[in-house]
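Some notes on the structure that comes next.
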Amino acid sequence: MLAYMSSKTAINAMTVLFAKELQDTPIKINSADPGYTATDLNGHTGYRTVEQGASIVVKLATLPSDGPSGGFFDENGVIPW
Ligand SMILES: NC(=O)c1ccc[n+]([C@@H]2O[C@H](COP(=O)([O-])OP(=O)(O)OC[C@H]3O[C@@H](n4cnc5c(N)ncnc54)[C@H](OP(=O)(O)O)[C@@H]3O)[C@@H](O)[C@H]2O)c1
C-alpha cells in the first residue's frame, strides 16, 4: 500500500499544481474518490457498483463554468487531505 498511497498523494499535489497553472483558463482540474467500488482493482470486493463509483467522475467532468478547480471530491463533497 506504500506505493499506492504515495501515488494518490502525488495525484492530489498534481491536481493543485495544474489547477493553479490553469487558473486563468476555462479548464478545471479536480480529483475524485469513487469510494470502495467493485472492480478488478480489489477483486470485485467493493460494496459500491461501478455506476455509483463513476457518478462523482461524471459530476466533475460536467461542472458549470463557475464550478470548483483544484479540489478532491467524493459524492458528498470536498474531502480534506
Ligand atoms: N475500486 C476502488 O474501490 C477505488 C477506490 C478509490 C480509488 N480508486 C481509483 O480509481 C482508479 C480506477 O480504478 P479501478 O477500480 O477502476 O481499477 P481497475 O478496474 O483495476 O482499472 C484500472 C484501469 O487502469 C488501466 N491501467 C492500468 N495500468 C495502466 C497503464 N500502465 N497504462 C494505462 N492504463 C493502465 C487498466 O487498463 P487495462 O484494463 O487495459 O489493464 C484499467 O482500465 C484508480 O486510480 C484507483 O486507484 C478505486
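The length gained by stretching the chain between residue 27 and residue 41 to full extension, at 0.36 nm per residue less their Cα-Cα distance, is 2.1 nm.
On a 0 to 90° scale, report how tilted helix 50-61 is relative to the longest principal axis of the chain, with both axes built from alpha carbons and the result rounded to the nearest 10. Tilt relative to the chain: about 0 degrees. Entry for the chain at q = 0.13, 0.15, 0.20, 0.25 Å⁻¹: log10 I(q)/I(0) = -0.45, -0.59, -0.97, -1.24, Debye formula applied to identical alpha-carbon scatterers, no solvent contribution.
Using mean Cβ contacts within 10 Å as the protection proxy, how do 23-33, 38-48 order, highest first? Intermediate results must be reported in sequence, preceding the final value.
Numbers: 23-33: 14.7, 38-48: 11.6.
Top to bottom by mean Cβ count within 10 Å: 23-33, 38-48.
Around residue 76, what is the net charge, scoring Lys/Arg as +1 and Asp/Glu as -1 over all other residues with Cβ under 12 Å from its Cβ? In short, -2. For the chain, find the longest principal axis of its Cα atoms and tell me its angle to the long axis of helix 2-21, 0 to 90°, nearest 10. For 2-21 against the chain, the angle is about 20 degrees.
Any read-out appearing in this document is the output of simple, stated calculations on the displayed coordinates, not a laboratory observation. It should be emphasised that the depicted structure is a prediction, and the values quoted were computed from it without experimental measurement. With ideal geometry, Cβ positions are generated from the backbone for all residues, glycine too; neighbour counts draw on all protein chains shown.
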